[in-house]
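K.L.:
Please see the structure below; I have some questions.
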Amino acid sequence: MAGTVKKDGATWCYIVDLGKDANGKRRQKKKRGFKTKKEAQIALAEVVHELSKGTYVTPSKIKFKDYLLQWLEDKQTKVNAATLDTYAWLTKNHIIPALGEVELSNLTPMMLQQHYNHLTKNKVLCDENIRKVHILIKDALKKAERWGLVTKNVAAHVDAPKVYKKEVHVWDTNQVRTFLEVAKESPYYMIFLLTVTTGMRKGEILGLAWRYVNLEEGYLSIAQTLNQFGKIVPHPKTRAGFRSIDLPDEVIDALIKHKTKIEEQKRKAGSLYHDLDLVNCTPVGKPIDRSNLSRTFKSLIKKAGLPDIRFHDLRHTHATLLLKQNVHPKIVAERLGHADTRMTLDTYSHLLPSMQRETAKAFGKLLFGTT
């Protein structure tokens, strides 16, 4: 099985004899673009080895973008709507523009690594989403390898981008009260109140519908969310996401008043009202814009003179305040929609240094009768 390496303009190429086709015609495989003679020789040796084992796959000429779009279409029956929307967003905005024109068989680990470096260095995406890009590409190429479109999954030879855990910042009880007092006149007050008293995620609160709020019994159910693209998704991502959360009496009273306000807005808007049954919506019934909510939140923090935190930290604040009241971690995990208590404790234990001391004292009192 013969193969040669030779100069090809400014670069190097290899040519390998693939034998004869069904008609007796000689077949050759030529690949260009190697920067050095050694690179071309190594690539040639791999092809010759695969040919000798009978595992050689003729490289596909399909472009990466065309393959990814087909892969996305196939994924429609495998994942839920929210996950598919995320996959589509990452593919069309953060993979195809950089790598879409590359032929599927010409993708290399270095190309992928350089793309991840670009996304990280220029802060195009957060750490979690850069890792999602890698996971997506790896999964797509795994299928391409099974289908015989590529000889190997090059993404498997690239280290997954590291995700750095974000520091959690929370408010104490007095700071929460101060914020809610300042936010009372905001059109988003109910959003802030629900977040800090239930620990719901932003998408869960923005997607909350009145049909899932039981004012008589005093609880609400999480059955749909509003995703980052402004689309209502009919169910949470995980089984733990489906849950009911009991409400304080003060929040029930606030919801009753809020519902009256929504009904008044509905009457005023008339035929212009988009009735999506949302608890939190614009004066014409449309979903709340996430960026407007974030801007208002930051403005109110500044007005209240409080330490700056992220909106998501209101959820962390809820969990921390519960744990400081010695509420069992299992109950906290259920309210937050965590799959198990390990996630809850991993997230919040470092915020509760006094609990270890209190536990030690309580044990000493139980065992030795000390005070």
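The values are calculated or read from the model by the stated rules, or taken from the named source; none is laboratory data. Note that this is a predicted model, so its numbers are computed, not measured. As a convention, Cβ positions derive from the backbone with ideal geometry for all residues, glycine included, and neighbour counts pool all protein chains shown.
K.L.:
Looking at the stretch 283-324 only, could you name the residues that are under 26 Å from K165 (Cα atoms) and in contact with a strand residue (DSSP E or B) (Cβ under 9 Å, 6 or more places away or on another chain)?
P.N.:
Listed by number, the list holds a single entry, R290.
K.L.:
Among the candidates V168, V163, single out the residue that is surrounded by fewer than 16 Cβ atoms within 10 Å (Cβ to Cβ), β-branched (V, I, T) and not assigned by TED's automatic domain parsing to the domain that holds L112. Steps first, please.
P.N.:
Values: V168 fails: surrounded by fewer than 16 Cβ atoms within 10 Å (Cβ to Cβ).
On inspection, the qualifying residue turns out to be V163.
K.L.:
I'd like to check which strands (runs of 3 or more DSSP E) are fully inside the stretch 1-70 and have at least 3 residues that are charged (D, E, K, R), modelled with pLDDT of 75 or more and surrounded by 10 or more Cβ atoms within 10 Å (Cβ to Cβ).
P.N.:
Fully inside the stretch 1-70 and qualifying: 3-8, 26-34.
K.L.:
Determine whether the stretch 174-187 contains at least one residue that is among the aromatic types (F, W, Y), in the same structural domain as K298 (by TED's automatic domain parsing) and surrounded by 16 or more Cβ atoms within 10 Å (Cβ to Cβ).
P.N.:
yes
K.L.:
Name the residue that is nearest to N174 (Cα to Cα), counting only residues in the stretch 295-320 that are touching a Phe, Trp or Tyr at 6+ places or on another chain (Cβ under 9 Å) and assigned to a loop (DSSP other than H, G, I, E, B).
P.N.:
Selected residue: L306.
K.L.:
Turning to a different aspect of this structure: Taking the condition of being of a type in the set (G, A, S) and buried (at least 18 other Cβ atoms within 10 Å of the Cβ), how many residues in the stretch 212-226 meet it?
P.N.:
1
K.L.:
Here's something else I'd like to know. Scan the stretch 321-336 for residues that are more than 15 Å from V196 (Cβ to Cβ) and assigned to a helix (DSSP H, G or I) and report the count.
P.N.:
Qualifying residue count for the region: 5.
K.L.:
I would also like to ask the following. Looking at (1) crowded, with 17+ Cβ neighbours inside 10 Å; (2) closer than 25 Å to E334 by Cα; (3) of a type in the set (A, V, I, L, M), which is the only condition I301 fails?
P.N.:
All conditions pass for I301, except number (2).
K.L.:
Of (1) under 19 Å from V213 (Cα atoms); (2) loosely packed, with under 14 Cβ neighbours inside 10 Å, S349 satisfies all except one. Which?
P.N.:
Among (1) under 19 Å from V213 (Cα atoms); (2) loosely packed, with under 14 Cβ neighbours inside 10 Å, S349 violates only (1).
K.L.:
If you take the residues in the stretch 289-310 that are touching a residue at least 40 places away in the same chain (Cβ under 8 Å) and of a type in the set (K, R), which one is farthest from I191 (Cα to Cα)?
P.N.:
K303
K.L.:
Name the residue that is modelled with the lowest pLDDT, counting only residues in the stretch 137-160 that are loosely packed, with under 14 Cβ neighbours inside 10 Å and of a type in the set (A, V, I, L, M).
P.N.:
Top of the filtered list is A160.
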